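**Student:** Please see the structure below; I have some questions.
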Amino acid sequence: MDRIGIAGGVPLKGEIAVTGAKNAALKLMVAALLSDKPLTLENMPDVADVAALKQVLEVLGATVSDDPRRTGRMTLHVPEITSTTAPYDLVRKMRASVLVFGPLLARSGVAKVSLPGGCAIGTRPVDLHIMGLEALGARIDLEDGYLLGEVPGRLKGADITFPMISVGATEHVMMAATLAQGMTVLRQAAQEPEIADLAICLNAMGADIEGAGTATIRINGVESLHGASHHVIPDRIETGTYAMAAAATDGEIELLNTSTEFLGDAVQALEAAGVGIQPSNRGITACRANGRLLAVDITTTPYPGFATDLQAQFMSLMATAEGESHIHENIFENRFMHVPELMRMGADIQVHGGSAIVRGVESLHGAPVMATDLRASVSLVLAGLAAEGETIVNRVYHLDRGYERLVDKLASCGARIERLAG
Ligand code: UD1
């Protein structure tokens, strides 16, 4: 298994092109199942999760254009659904593949999709997805780890109030409802920018959706969707991660093709901590505003609150900030796996349930570390970049899932970082 070696302590200076948002790209790919005409997506990230979902869609009948020149363009075409089964071996590699279930039901009337199972950051059930699709008239059973669904006739619009906010369930039911008969209203919907981006794409395909990006979404079902071309929004998590890399190393990075628009409360938290973020002609620049970073308390909440996907990176930043930072994780129950690893590098952190107290130390020192999820892994890379000495980050495949050419991008800003095979 590949590892990443980092010799820390170099202020990062340069520019990094931010890719399209992974969490938007995956749902946009699934949307191609809703039409028999091609969907072209621009600004696609070249990450392992996209490759894994491509395999799932190909099994279901999609032709997905390869992009040998890595231009970020992908065309997906599903003239007919050739299989309505998404098998365990493919779904388990990428949890978001479960989102093919609703579109398959909407287009074919039947679907069999493996349950994705839990993951390192929590149990992550799909009960809200099932509840929403059942409200649209699907009959759903669970058999041998598979969701089995069928729709007598066509899906029917419904008024659905989610009992808790879920990004995936909102997207899943919104996609299915585009082809339902009549009006669907989703209340207490998630408001993440990736949901609004998905709705823009679906509307370009002929759907009739209003309110995506707010807590109430109205979807007027249509008979069919057509082809479209869509540009994926910038990855706000990649943006925040590299902004923190600049601040953690006391460098300055210009982040291209992005903005602070989608960062939500993370912008205020970063600025309060002493991260300088300025708009530039081509995106934004990020640096340390003045002197040592300051401790700031954060609580992760649904958008526009502080994103759970930036929590690990922020904790890494707080590890050397002046003062005591309280970090509350409200979205996932087990999202502090980076803590023992950061402590191996000299961080002073105490965890009590879903809260962590980080007492800033003067500096971290390099160490061999390992993480069990995507964002935890990148928080260790940030710590390694800022630390004195050498850090080896094991299990690089987690990073490959969601960060395009991470090592190259950081190296281009002067980081002494390399991928080690084996
Ligand atoms: C998406 C993002 C992930 C991000 C998360 C929260 C993708 C591919 N992933 O994940 O990076 O961290 O949003 O911003 O876009 N829940 C239930 N029942 C359900 C669904 C969810 O109890 O049916 C719970 C989850 O276990 C979790 C919480 O709701 O505790 C939020 O999960 P959700 O918003 O659904 O996250 P994902 O869509 O899985």
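The values are calculated or read from the model by the stated rules, or taken from the named source; none is laboratory data. Here the structure is a predicted model, which means the values were calculated and not measured. When we count neighbours, we look across all protein chains shown, and the Cβ atoms used for this are built from the backbone with ideal geometry, even at glycine. The protein model used for the area step is the full one, side chains on, heavy atoms only, and it has no ligands, DNA or RNA in it. Shrake-Rupley method; radii C 1.70, N 1.55, O 1.52, S 1.80 Å.
**Student:** State whether region 125-201 is rounded, prolate or oblate according to the following rule on the C-alpha gyration tensor (a ≥ b ≥ c being the square roots of its eigenvalues): a/c under 1.5 gives rounded; otherwise a/b larger than b/c gives prolate, and the remaining case gives oblate. Spell out each step's value before the answer.
**Tutor:** Working: a/c = 1.79, a/b = 1.29, b/c = 1.39.
Here region 125-201 falls in the oblate category.
**Student:** Carbon and sulfur together cover what percent of the accessible area of region 343-421 at a 1.4 Å probe radius? Walk me through the numbers on the way to the answer.
**Tutor:** Working: 1570 of 3170 Å².
Of all accessible area on region 343-421, carbon and sulfur atoms account for 50 percent.
**Student:** For the cross-link pairs LYS13/LYS93; LYS37/LYS112; LYS27/LYS112; LYS22/LYS112; LYS22/LYS156; LYS22/LYS409, which exceed 28 Å when the distance is taken from alpha carbon to alpha carbon? The partial results should precede the final answer.
**Tutor:** Details: LYS13/LYS93 35 Å; LYS37/LYS112 23 Å; LYS27/LYS112 18 Å; LYS22/LYS112 25 Å; LYS22/LYS156 30 Å; LYS22/LYS409 17 Å.
Violating the 28 Å Cα-Cα cut-off are LYS13/LYS93; LYS22/LYS156.
**Student:** Please give the peptides 300-309, 315-324 ranked by average Cβ packing (other Cβ atoms within 10 Å per residue), highest first, as a rough proxy for protection. Can you show the working numbers first?
**Tutor:** Working: 300-309: 20.7, 315-324: 22.9.
Descending packing order for the listed peptides: 315-324, 300-309.
**Student:** Let me know the whole percent of all Cα-Cα pairs from region 181-237 that are separated by more than 13 Å.
**Tutor:** Numbers: 961 of 1596 pairs.
Considering region 181-237, 60 percent of its Cα-Cα pairs are separated by more than 13 Å.
**Student:** Using the heavy atoms of the protein chains alone and a 1.4 angstrom probe, what is the accessible area of region 324-422 per residue in square angstrom?
**Tutor:** Working: 4060 Å² over 99 residues.
Dividing the accessible area of region 324-422 by its residue count gives 41 Å².
**Student:** Right, next: Mind ordering 237-243, 370-376 by average Cβ neighbours within 10 Å, highest first?
**Tutor:** Result, highest mean first: 237-243, 370-376.
**Student:** Next question. Which whole-Hz ³J(HN,Hα) couplings does region 104-111 yield from phi under the Karplus relation 6.51 cos²θ - 1.76 cosθ + 1.60, θ = phi - 60°, glycine and proline marked x?
**Tutor:** Calculated HN-Hα couplings, in order: 5, 4, 5, 8, 10, x, 9, 7 Hz.
**Student:** Expressed as a rounded percentage, what relative contact order does region 116-235 have, with Cα pairs under 8 Å and six or more residues apart? Don't skip to the end; give the middle numbers.
**Tutor:** Working: 219 pairs, mean separation 25.2, N = 120.
Over region 116-235, the number comes to 21 percent.
**Student:** Whole-Å semi-axes of region 292-396's equivalent ellipsoid, largest first, each the root of 5 times a Cα gyration tensor eigenvalue?
**Tutor:** Working: eigenvalues 81, 51, 25 Å².
Those come to 20, 16, 11 Å.
**Student:** From the phi angles alone, apply the Karplus equation (6.51, -1.76, 1.60; θ = phi - 60°) to region 318-334 and give each ³J(HN,Hα) in whole Hz, x where the residue is Gly or Pro.
**Tutor:** 5, 4, 10, 7, 7, x, 10, 10, 9, 10, 10, 9, 9, 9, 10, 7, 9
**Student:** Report, as a whole number in µm² per second, the diffusion coefficient that Stokes-Einstein gives for region 276-321 at 25 °C and 0.890 mPa s using the Kirkwood radius over alpha carbon pairs. If you can, show how the numbers build up before the last one.
**Tutor:** On the way: Rh = 12.3 Å.
In µm²/s, the coefficient is 200.
**Student:** Further, regarding this structure: What order do you get for 125-131, 270-276 when each peptide is scored by the mean count of other beta carbon atoms within 10 Å, highest first? Each step should come with its number before you reach the end.
**Tutor:** Numbers: 125-131: 17.6, 270-276: 19.7.
Averaged packing, sorted descending, gives the order 270-276, 125-131.
**Student:** Taking only C-alpha pairs under 8 Å that are 6+ residues apart, what is the relative contact order of the chain in percent?
**Tutor:** 21 percent.
**Student:** What net charge do the residues around ALA158 carry, taking every other residue with its C-beta under 15 Å from that of ALA158, with Lys and Arg at +1 and Asp and Glu at -1?
**Tutor:** My count for the surroundings of ALA158 gives +3.
**Student:** Each residue of region 405-419 in order: what ³J(HN,Hα) in whole Hz does its phi give by Karplus 6.51 cos²θ - 1.76 cosθ + 1.60, θ = phi - 60°, with x for Gly and Pro?
**Tutor:** So the J values, rounded to whole Hz, are 6, 4, 5, 4, 5, 5, 4, 5, 9, x, 5, 8, 9, 8, 8.
**Student:** When the accessible area of region 82-201 is split by element with a 1.4 Å probe, what percent falls to carbon and sulfur?
**Tutor:** Percent of accessible area from carbon and sulfur atoms in region 82-201: 53.
**Student:** Looking at the chain, send over the antiparallel percent of its DSSP beta bridges, to the nearest 5.
**Tutor:** Around 70 percent of the beta bridges assigned by DSSP in the chain are antiparallel ones.
**Student:** Say R0 is 30 Å: what FRET efficiency, to the nearest 0.05, do ASN220 and GLU80 get from their beta-carbon distance?
**Tutor:** Numbers: r = 26 Å, r/R0 = 0.85.
It comes to 0.70.
**Student:** Starting from 0.36 nm per residue, how many nanometres of slack lie between HIS365 and GLU143 once their C-alpha separation is accounted for?
**Tutor:** Between HIS365 and GLU143, full extension yields 74.9 nm more.
**Student:** Now for a separate question. Going by the alpha-carbon gyration tensor, a ≥ b ≥ c the square roots of its eigenvalues, is region 335-400 rounded (a/c under 1.5) or, if a/c is not under 1.5, prolate (a/b greater than b/c) versus oblate?
**Tutor:** Cα axes put region 335-400 in the oblate bin.
**Student:** Please figure out what share of the DSSP beta bridges in region 155-267 is antiparallel and state it in percent, rounded to the nearest 5.
**Tutor:** Among the beta bridges of region 155-267, antiparallel pairing accounts for roughly 60 percent.
**Student:** Determine the relative contact order of region 1-115: mean sequence separation of Cα pairs under 8 Å and six or more apart, normalised by residue count, in whole percent.
**Tutor:** Value for region 1-115: 26 percent.
**Student:** While we're here: Using a cut-off of 15 Å between beta-carbons, work out the net charge of the residues near THR123 (Lys and Arg +1, Asp and Glu -1, THR123 not included). Intermediate results must be reported in sequence, preceding the final value.
**Tutor:** Working: positive: ARG92, ARG95, ARG124, ARG335; negative: ASP127, GLU329, GLU333, ASP373.
Combined, the nearby Lys, Arg, Asp and Glu give 0.
**Student:** Please list the radius of gyration and Dmax for region 206-272, considering alpha-carbon atoms only, with Å as the unit.
**Tutor:** According to the Cα coordinates of region 206-272, Rg and Dmax are 17.5, 55 Å.
**Student:** Compute the accessible area per residue over region 1-149, keeping the other protein chains in place, probe 1.4 Å, unit Å².
**Tutor:** 40
**Student:** Right, here's the next one. In region 266-352, how does Rg compare with the Kirkwood Rh, expressed as the Rg/Rh ratio over alpha carbon atoms?
**Tutor:** 0.98
**Student:** Quick check on the chain: helices-only [θ] at 222 nm, where DSSP H runs of length 4 and up contribute -39,500 (n - 2.57) each and the sum goes over total residues. Nearest 500, please.
**Tutor:** Calculated mean residue ellipticity at 222 nm is -8500 deg cm²/dmol.
**Student:** Using the Cα atoms of region 168-309 to build a convex hull, what is its mean projected area in square nanometres? Before the final figure, lay out each step's value.
**Tutor:** On the way: hull surface 36.6 nm².
Computing the convex hull of the Cα atoms and averaging its projections yields 9.2 nm².
**Student:** Now a separate question. Work out how far the C-alpha atoms of region 1-140 reach from end to end along every principal axis, then list the three figures in whole Å, largest first.
**Tutor:** The Cα atoms of region 1-140 stretch 57, 35, 27 Å along their principal axes.
**Student:** Something else: Could you please tell me the mean projected area of the C-alpha convex hull for the chain, averaged over all directions and given in square nanometres to one decimal?
**Tutor:** Its average projected convex-hull area is 18.5 nm².
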